[in-house]
Every structure is written in C-alpha cells, then in structure tokens.
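To start, the structure itself, in structure tokens.
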Amino acid sequence: MESTFVMIKPDGVRRGLIGPIITRFEQKGFTLIAMQFMHLERSLAEQHYGEHKNKPFFNELVEYLTSGPVCAMVWEGRHAVANARSIIGKTNPVEASPGTIRGDYGMDITGNIVHGSDSPESAQHEISLFFHSAMSAPMFMEISDFGHTANISH
Ligand code: GTP
Ligand code: MG
C-alpha cells in the first residue's frame, strides 16, 4: 500500500482547519498512520522545499512555513500520492477547483493551506525527513507559537 506525506501549513492550523482537512482524508478512504504537531526549524523547512531553493519565492515560503505550528501526517491508501494531490487541488487557490481543499479554504498561493508529496519517491524522502529524524521529538506548543493571527480566547 502506498503512503504519502501531508502537512497542514501554519494558516490551516491557525484557522482551525485541522479537523475538516483530516475529515476529508478519512472520507476519501485514506488511513492515518502517523501524525505530529510541530513548529519547524528553518533548516527543516529549507530541506523540505529544497527543490525550490533557487526560486524567487523561496524565502517567503520558508518564512511562512516557520511562522507557526504545522500538522505533519502520513496517510496510507491506494495511489495515495495521486489521490491526495487530487483532493488538495492546484497549487494556486485561484485555480483550484471548488471541492478541493485549496479551492474551498485558500485564497493565497503562499498560504495555500496544505502540502502533499508530488511522487512516491518524494513521499518516502519527506516521511523520513519529518518522522525519522532527531527533530521529531514530541513537543507542546505555547500559545505565542501560533503567531499574531491566532484566534484563541483564554
Ligand atoms: P506543495 O504541496 O506545498 O509542495 O505545493 P505544490 O506541490 O502544489 O507546488 P510546488 O511544490 O511547485 O510549490 C511549493 C510551494 O511553493 C507551493 O505550495 C506554493 O506555496 C509556493 N509556490 C509555488 N509556485 C509559486 C509561485 O509561482 N509564486 C509564489 N509566490 N509561490 C509559489
Ligand atoms: Mg510540491
């Protein structure tokens, strides 16, 4: 059975979309096999998006990804990589179809809510990066970790 790496990005977490996004994966038929809430070190964010390091948007992307906690997950299922990309939708929410996660919840190409691996090989690479490294020790968030747009009442 194929696995894929999915990460709810900081705006997805800040906006309280962990539940709805997980529900969509469950309803599609995926099985959740690992999940970790974490605030990424800059080095891990840079490694994760290493293929884009020469792109003009790289720094903005890394700043964004480290701006608050993310929810890193491994989902298993038939054609997991392609099926996950299909329910996530196109990279730019402007082009993503309604009914996809980015089409329904996103408006901005940087804050596009969720990441999904683009091939079985990158899925394996990303899973080892996030789940088999020394950086993956369980941790608890401070409210201040969520950044200035956090909407948490005390
Ligand atoms: P991920 O699942 O996040 O990897 O997105 P993707 O596979 O749909 O797109 P890709 O890997 O090509 O790009 C990674 C991320 O870089 C995207 O999710 C966007 O946030 C950002 N990105 C990609 N292309 C552009 C662009 O042309 N301009 C800007 N500002 N950001 C971009
Ligand atoms: Mg990608």
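Against the condition closer than 21 Å to PRO120 by Cα and within 16 Å of ligand 2 (Cβ to nearest atom), how does ILE33 come out, does it pass? Walk me through it before giving the result.
Numbers: closer than 21 Å to PRO120 by Cα: yes; within 16 Å of ligand 2 (Cβ to nearest atom): no.
Against the criterion (closer than 21 Å to PRO120 by Cα and within 16 Å of ligand 2 (Cβ to nearest atom)), ILE33 does not qualify.
Results for (1) within 16 Å of ligand 1 (Cβ to nearest atom); (2) closer than 20 Å to LEU17 by Cβ; (3) at pLDDT 95 or above, shown as yes or no for each residue.
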site	(1), (2), (3)
GLY99	no, yes, yes
GLY106	yes, yes, yes
ILE109	yes, yes, yes
PHE146	no, yes, no
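So which of PRO93, PRO69 ends up being more than 15 Å from ligand 2 (Cβ to nearest atom) and of a type outside the set (Ser, Thr, Tyr)?
On the way: PRO93 fails: more than 15 Å from ligand 2 (Cβ to nearest atom).
Just a single option satisfies the conditions, and that option is PRO69.
Please find, among LYS28, LYS9, LYS55, the residue that is closer than 22 Å to GLY89 by Cα, away from ligand 2 (no atom under 16 Å from the Cβ) and not aromatic (Phe, Trp, Tyr). If you could, list the steps in order and put the result at the bottom.
Working: LYS9 fails: away from ligand 2 (no atom under 16 Å from the Cβ); LYS55 fails: away from ligand 2 (no atom under 16 Å from the Cβ).
Of the residues listed, the single one that is closer than 22 Å to GLY89 by Cα, away from ligand 2 (no atom under 16 Å from the Cβ) and not aromatic (Phe, Trp, Tyr) is LYS28.
Considering only residues that are within 13 Å of ligand 1 (Cβ to nearest atom) and among the aromatic types (Phe, Trp, Tyr), which ones fall in the range 47-95?
Once the filter is applied, which keeps residues that are within 13 Å of ligand 1 (Cβ to nearest atom) and among the aromatic types (Phe, Trp, Tyr), the range 47-95 yields TYR49, PHE57, PHE58, TYR64.
Residues GLY103, GLY50, GLY77: which one is of a type in the set (Gly, Ala, Ser) and over 19 Å from ILE127 (Cβ atoms)?
Working: GLY50 fails: over 19 Å from ILE127 (Cβ atoms); GLY77 fails: over 19 Å from ILE127 (Cβ atoms).
On inspection, the qualifying residue turns out to be GLY103.
I need the full set of residues from the range 9-24 which are within 15 Å of MET38 (Cβ to Cβ), of a type in the set (D, E, K, R) and crowded, with 21+ Cβ neighbours inside 10 Å, in order please. Walk me through it before giving the result.
In the first step, residues of the range 9-24 are kept if they are within 15 Å of MET38 (Cβ to Cβ); the result is 9-10, 12-14, 18.
Now drop any that are not of a type in the set (D, E, K, R), which leaves 9, 14.
Scanning the range 9-24 gives a single hit, LYS9.
Could you please let me know if MET139 is part of a loop (DSSP other than H, G, I, E, B), modelled with pLDDT of 70 or more and either away from ligand 2 (no atom under 15 Å from the Cβ) or surrounded by fewer than 18 Cβ atoms within 10 Å (Cβ to Cβ) (or both)? First the steps, then the outcome.
Working: part of a loop (DSSP other than H, G, I, E, B): yes; modelled with pLDDT of 70 or more: no; either away from ligand 2 (no atom under 15 Å from the Cβ) or surrounded by fewer than 18 Cβ atoms within 10 Å (Cβ to Cβ) (or both): yes.
No: the conditions fail for MET139.
The values are calculated or read from the model by the stated rules, or taken from the named source; none is laboratory data. This structure is a prediction, so every number in the text was calculated from the model and none was measured. In this analysis, Cβ positions are derived from the backbone assuming ideal geometry, glycine residues included, and neighbour counts consider all displayed protein chains.
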